[in-house]
Amino acid sequence: MSPDKASTRSASRVFAREFHRTLPKAMRGEGIWIVDSEGRRYLDASGGPAVSCLGHSHPKVIEAVQRQAALLVEAAPAGMDKVFFVCGGSEATEAALKLARQYHLEKGQPQRRHFISRRQSYHGNTLGALAVGDNPARRATYAPMLMEVRHIATCYPYREKRSDETEAAYGRRAADELDRAIRELGPENVAAFIAEPVVGATLGACPPVPGYFKRIREICDRHGVLLILDEVMCGMGRCGTLYACEAEDVVPDILTMAKGLGAGYQPIGGVMAHRRVVEAIESGSGALMHGHTYLNHTVGCAAALAVQRAIQEEDLLANVRRQGERLKQGLEERLGNHRHVGDVRGRGLFLGIELVQDRASKRPFDPDLKLHARLRDAGMSEGIVCYPSGGCVDGRRGDHVVLAPPFTVTDREVEEIVERMGRTIDRALRSLPA
Ligand code: PLP
C-alpha cells in the first residue's frame, strides 16, 4: 500500500473512532424518548432505522429478552457474561469476527486483523463466514471475494492420528499447528482463531481428542489471540452439556450459538462474550459496531426461552447423554464390523458415521459415485431422514452421515434409528454400480 493510502486509511479509522466516541451514549429508552449518559432526553422521531414501532423498553419485550439472556448467562462457563441475539448462525459468525476485531482496536492493536480457522469446518454462508469456513463447494463461486484466512488442520483422529501416537500426543501435535501459523503470520497481526468444538456438517460430528482445546487455549493466550468457539451446531445441549466447550474444560473469549437455541421454531442465534472482551469494548468506544434491524428480536427470544425452559424442566440433557450413549453403542454393534463403515463417532445426540471404500486403508469412495446422495434417497425409502454429506475429491475424508435426533428421543426410537440406518447404508451400497 502506498504511504498516502496508508495514512488516509489510518486517518479515517481515527475519525471513525472519534466520531463514535463523541456521539452521545444512549443509556436507556422510554417510549419515544432516548436518554443519554448526561441525562439529556431525545425524542426518537425515527424509531432507529424505522423499526421501533412500539417505542423503547416495552415491558413485555424487555422481559422476554432479559429472561432469555439471563438464563443463558447463568448456565454459561464462568466469565461468559454477555450475550446478544442475532438471527442465525451465519450472522453470529460475522458478529463474532467483528467483535474480535473491535476488541483489538479497543486495545490499541489495529494491526491484529488476521483470522485463523480449520480445514473441513463450516461457519456459515455469508462472506466472512465462508472465508473462515472450508466448504469447497460453497466457497468456489465467491473465492475472489473472500478475505484471506489461514486454515490449519482440524482435530480429526480417525484420519490424522498416527497409529504409534497416543491421543494426547496427537492432540498436542494438532494444536501446535496453530502455534506455528500464528508465528508465521506474526502474533501481532492475528485477531482470533475460530473452531467448532465438535465439527458438524463438513466432518460428520467429529469430536476432538481430550486436551486438544486446552492446548489451543494456552496457545491463544500465549499470543494474545482470541478464541472463538462456534457452537452453532454442537452447542445448546446437543452434545449432552448445554455448551459443548464444557466437556473440553475450556472457556472461550467469544462463543456463537444458533440452531438448538430456538430449536428451529424461530430464527435466532446468539453471540456470547467473555467479561474481558465486554470490558474492553465498554471502556473503549462503548458499543459493539454490529447491528441489524432484528438484533435481540423479541419473538425469537421468547421462543428460545420456551425451548430452553422445556430442556431444563424436562431434564432433557440427561436424556441426551443417556440416549446418545445408547445410540452410539447401537450403531457400533450394528455397523462396527461393516466392511464399508470406517468410523462411528460423536458425542451426545450428535453422531457421525464415516463410510469408506476400504476399511484398512481408509480410502474413501469415488466422489463421482455420489454415495451421500444415494444414502439420502435410501433413507427416504427406509423412512428415515438423516444428514449425509459427500466425501472430498482429494481423499481427505469419506462420505459421512450425521445423526442428530431430538432431545426427547425414546428407547424404542433409538432402536428404530439404528435399524433403519443400518438398512439405509446397505441399500445405498447395493445401489452402487458393480
Ligand atoms: N456454524 C456452524 C457450525 C454451522 O453448522 C452452521 C450451519 O449449519 C452455521 C454456522 C451457519 O448457521 P446458519 O445456517 O443459521 O446461518
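Every number here is computed from the coordinates shown, using simple stated rules; none is lab data. What you see is a predicted model, and the numbers here were worked out from it, not measured in a lab. Virtual Cβ from ideal backbone geometry, glycine too; neighbours counted across all protein chains shown.
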**Q.** the chain - mean residue ellipticity at 222 nm from DSSP helices (-39,500 (n - 2.57) per run, n ≥ 4, rounded to 500)
**A.** -13500 deg cm²/dmol
Q: Would you mind ranking LEU429, LEU72 by Cβ crowding within 10 Å, fewest neighbours first?
A: LEU429, LEU72
Q) Got a sec? Charge dipole of the chain, +1 on Cβ for Lys and Arg, -1 for Asp and Glu; which of HIS151, SER90, THR410 is way out at the positive end? A) HIS151
Q) Which of HIS151, HIS56, HIS340 moves the most in a Gaussian network model of the chain with Cα springs under 10 Å? A) HIS56
Q: Please identify, among ARG41, ARG326, ARG334, the residue showing maximal mean-square fluctuation in a Gaussian network model of the chain using a 10 angstrom Cα cutoff.
A: ARG41
Q. Once the other residues with Cβ under 13 Å from the Cβ of ASN189 are scored (Lys, Arg +1; Asp, Glu -1), what is the net sum?
A. +2
Q | Dipole of the chain, positive direction: furthest Cα of PRO208, MET80, VAL356, with charges on the beta-carbon | A | VAL356
**Q.** the range 115-156 and the range 266-285: distance between their alpha carbon centers, rounded to Å
**A.** 23 Å
(Q) Which of ALA64, ALA78, ALA181 ends up with the largest GNM mean-square fluctuation for the chain, with Cα atoms connected below 10 Å? (A) ALA78
Q | Neighbour-count order for CYS155, CYS239, fewest beta carbons within 10 angstrom listed first | A | CYS155, CYS239
Q: Please order VAL86, VAL199 by the number of other Cβ within 10 Å, starting at the fewest.
A: VAL199, VAL86
Q.
So if a site counts as exposed when it's one of the GluC sites (Glu not before Pro), its DSSP state isn't H, G, I, E or B, and it has at most 11 other Cβ atoms within 10 Å, what's the longest stretch of the chain without one?
A. 149-434
Q: Calculate how many DSSP beta bridges within the chain are antiparallel, expressed in % of all such bridges and rounded to the nearest 5.
A: 70 percent
Q: Assuming a ≥ b ≥ c are the square roots of the Cα gyration tensor eigenvalues, decide whether the range 275-434 counts as rounded (a/c under 1.5), prolate (otherwise, with a/b larger than b/c) or oblate.
A: prolate
Q: Measure out, as a whole number of angstrom, how far apart the alpha-carbon centroids of the range 219-260 and the range 320-386 sit.
A: 26 Å
Q | Value of Rg to Rh for the range 58-312 (Rh from inverse mean 1/r over Cα pairs, i.e. Kirkwood) | A | 0.96
Q: Calculate I(q)/I(0) for the range 119-238 by the Debye formula, one identical point scatterer on each C-alpha and no solvent, and give its log10 at q = 0.24 Å⁻¹ to two decimals.
A: -1.48
Q. Within the chain, what is the longest stretch that has no chymotrypsin sites (Phe, Trp or Tyr not before Pro) placed in a DSSP loop and near at most 15 other beta-carbon atoms within 10 Å?
A. 266-434
**Q.** Sum of side-chain charges, GLY79 neighbourhood, beta-carbon under 14 Å (Lys, Arg +1; Asp, Glu -1)
**A.** -3
Q. Which net charge results when you count Lys and Arg as +1 and Asp and Glu as -1 among the other residues whose beta-carbon is under 14 Å from that of LEU43?
A. -1
Q: Over 43 Å, how big is the tail of the calculated P(r) for the chain, in percent of all Cα pairs?
A: 17 percent
